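Shown next, in structure tokens, is the structure this report addresses.
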Amino acid sequence: MKTRYVEIAAYITRDGSQIRELLHPDHHGARNQSLAEATVQPGQRTLLHRHWFTEELYHITAGCGTMTLGERRFAVEVGDTILIPPGAAHCIEAGEMELRMLCCCSPAYSHGDTELLEAEPVAG
């Protein structure tokens, strides 16, 4: 299966980031994982959330920011890859430029497996 970036519409997901699903079982034939590009606008951050069953990988492709993973906060930049284990509370904040990352989820991303730990989008 092949997808074309320009043909995939972006949408806002439950955590407040803009997502473009590059491959997902619901649409593209993948079976056990999904791959998406997420974008967080300058000075913004995603909502603190967790996935009970899904293991996630974030790979930063543009910009820089701050990752919150459990009790830890640390800087992230282009080339960094972050492992987010199932059940770990997390969010990511963009610095002064747009932050882009690839998000790989196994099993595939599901709104039903996303528990928001705060109520509304927040500015950084």
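The values are calculated or read from the model by the stated rules, or taken from the named source; none is laboratory data. Because the structure is predicted, anything quoted here is derived from the model rather than measured. As a convention, Cβ positions derive from the backbone with ideal geometry for all residues, glycine included, and neighbour counts pool all protein chains shown.
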Residues being touching a Leu at 6+ places or on another chain (Cβ under 8 Å) and either loosely packed, with under 15 Cβ neighbours inside 10 Å or farther than 13 Å from V40 by Cα (or both): count how many of those fall in segment 86-104. 4
Can you pull out every residue in segment 39-52 that is more than 18 Å from P86 (Cβ to Cβ) and out of contact with any Pro (no Cβ under 8 Å at 6 or more places or on another chain)? T39, V40, Q41, P42, G43, R45
Kindly indicate whether any position in segment 21-43 is surrounded by fewer than 17 Cβ atoms within 10 Å (Cβ to Cβ), at pLDDT below 95 and among the basic types (K, R). yes
Could you please let me know if L83 is loosely packed, with under 13 Cβ neighbours inside 10 Å, within 13 Å of the chain's Cα centre (by Cα) and modelled with pLDDT of 95 or more? yes
